[in-house]
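Okay, so here's the structure we're looking at.
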Amino acid sequence: MPHILISAAHKSSGKTTVSIGLAAALAGQGLSVQTFKKGPDYIDPMWLGWATGTPCRNLDYYTMSSQEILATFSGHAHGADFSLIEGNKGLYDGLDLEGGNSNAALATLLGAPVILVIDARGMTRGIAPLILGYQAFDPAINIAGVILNKVGGPRHERKLRAIIEHYTNLPVLGAVHRDEQLEIAERHLGLTPSNETPEADAKISTIASLIAAQVDLEAIKNIAATAVDLTAPALPRPSPGKTDVTIGIARDSAFGFYYPGDLEALEDAGARLVSIDMIKDESLPEIDGLFIGGGFPETRMAELEANTAMREAVAGAIESGLPTYAECGGLMYLARSLTWNGETRAMAGVIAGDVIMHKTPQGRGYVRLRETGNGPWSLVDAGGRPGEIPAHEFHYSSIENLEGDPNFAYEVLRGHGFDGKHDGLVYRNLLASYAHLRDVGANRWAARFINFVRSCKKPSANNIKNQEQS
């Protein structure tokens, strides 16, 4: 069960690019490569999954228990030739003082050797105390080697290698020189998603070639082979039941933020998933429910506005009672208008409010929600009381000029949501929130949603006829 964890000394060291390149290069050798991403994230996993042809899986201490993380990792890593976990932020960064949810804690839980990616810009002798400090801070962490990133040239590389060899006992597994070809365009929430990049395949191929030429892949594989062979059982998926509802999923260059496990959970609950292109399709297919996930509708707002037929179809279906769930970008699409960079475009108009994009985040990070009981498919605890939900949000937008007396499904205990107090707007059979949910042990939302869709489903003409005859 070979696996490694790619971490860094600090955020923005280039570990995502290195991880994409390593995953793609190893997959190019004919290995089956399974990738994982620590924390809540859509964009990095999209690139990692694209690089290997296998969906990347998120491992998140906030929404998952340690046992659930262990089982999820074990279940997907077993059967793969190589597993790569990309950390978030720095190796020891985390929410709590003791580092119980840090990348280092995840490496310990999964028995993963750590490869440290170091942004070497402007560094020479100072790289030695940095490495020594990371080793000494927690000697139990198996830092197995370093990859130097953003190296200035051959002379700079030689100096760094000599210093590291002289002062430390860590091998230099690679030295990646600064190169514009390694850069993936970024914007307000990080890398541009791969579903928005027509040349994603070519970009990944270029990154893989450059990384393979500058990193010792054989040494990486040898280190991964020293990882602990985990035997924790995978969390069982329920036996497939009857597929009796059809759910439309908005999947295009505007909407693409979906966790693979959530889509699988919808299927496990009895749903057939049908993709919908909100930019190109002019009508909704025959569906019993609709899920519009997150994304960047602001970057496609002209095309979304131009597709009047789809906007009217969505609005009409929701007004007629179509069960719909919308997260963040989906919420923005359902609003009356969307304004970004001084330009305003009409959206679906289901929500009587206007979305405004800001230059700074309005909500970013982990959230905790308490159900109000007003949601169409609320979570309740074992005692029948409104449940609490761990989730996350990433949005630069706010919704303003909200009309009427809005009904909300959630009270915000941590985070921002709509206004720091509320999230989860309820309108007819629509639930639209800034929070992103995950179908995990603490919140099995997919089955609740499908059960709600099922309860709203109108019987077909054939079923009515059969019932009348009986």
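Bear in mind these aren't lab numbers, they're just calculated from the coordinates by the rules spelled out. Since the structure is predicted, the reported quantities are computational estimates derived from the model, not experimental observations. Positions of Cβ are generated from backbone atoms using ideal geometry, with glycine treated the same way; all protein chains shown enter the neighbour counts.
Just a few scattered comments:
- Shown for Lys359, Lys150: other C-beta atoms within 10 Å of each C-beta, ranked fewest to most, produce the order Lys359, Lys150.
- Helix 43-52 vs. the chain, principal-axis angle (Cα, 0 to 90°, nearest 10): 70 degrees
- Ranked by how many other beta carbons lie within 10 Å on average, peptides 260-271, 275-286, 217-228 from highest: 260-271, 217-228, 275-286
- Neighbour counting of Cβ atoms within 10 Å sorts the residues Phe257, Phe137, Phe36, fewest neighbours leading, into Phe137, Phe257, Phe36.
- The range 418-433 and the range 65-110 have Cα centres spaced 32 Å apart.
- The residues Ile131, Ile4, when put in order of fewest to most other Cβ atoms within 10 Å, stand as Ile131, Ile4.
- Using alpha-carbon coordinates, inclination of helix 127-137 to the longest axis of the chain, degrees: 70 degrees
- DSSP-defined antiparallel bridges as percent of all bridges, the range 3-224, nearest 5: 10 percent
- Dividing the helix sum by the residues of the chain, where each DSSP H run of 4 or more adds -39500 (n - 2.57), gives a mean residue ellipticity at 222 nm of -9000 deg cm²/dmol.
- Relative contact order of the range 245-456, taken over Cα pairs closer than 8 Å and 6 or more residues apart, is 20 percent.
- Computed magnitude of the charge dipole of the range 245-456 (debye, nearest 20; Cβ of K, R +1, Cβ of D, E -1): 460 debye
- Rounded to whole numbers, the Karplus 3J(HN,Hα) couplings from phi for the range 343-357 are 10, 10, 10, 6, 10, 6, x, 6, 8, 7, x, 10, 9, 10, 7 Hz, using 6.51 cos²θ - 1.76 cosθ + 1.60 with θ = phi - 60°, and x at Gly and Pro.
- Here the dipole of the range 3-224 is about 620 debye; that uses its Cα centre as origin and unit charges on the Cβ of Lys and Arg (positive) and Asp and Glu (negative).
- Signed unit charges on C-beta, dipole axis of the chain, positive-most listed residue Gly39, Ala250, Gly373: Gly39
- Order by protection proxy (mean Cβ within 10 Å, highest first), peptides 381-387, 176-182: 176-182, 381-387
- Measuring nothing but how far apart in sequence close Cα pairs (under 8 Å, 6+ apart) lie, relative to its length, the chain scores a relative contact order of 13 percent.
- A protection proxy built from the mean count of other Cβ atoms within 10 Å ranks the segments 98-105, 109-116, most packed first, as 109-116, 98-105.
- Residue pairs exceeding 28 angstrom between C-alpha atoms, taken from Lys11/Lys280; Lys15/Lys280; Lys37/Lys150; Lys242/Lys421: Lys11/Lys280; Lys15/Lys280; Lys242/Lys421.
- Whole-number percent relative contact order across the range 321-422, with pairs defined as alpha carbons under 8 Å at least 6 apart: 27 percent
- Rounded to the nearest whole Hz, the Karplus-based 3J(HN,Hα) values (6.51 cos²θ - 1.76 cosθ + 1.60, θ = phi - 60°) of the range 256-264 follow the sequence x, 8, 9, 7, x, x, 5, 5, 5, with x at glycine and proline.
- The mean of 1/r over all pairs of different alpha-carbon atoms in the chain, once inverted, gives a Kirkwood hydrodynamic radius of 23.6 Å.
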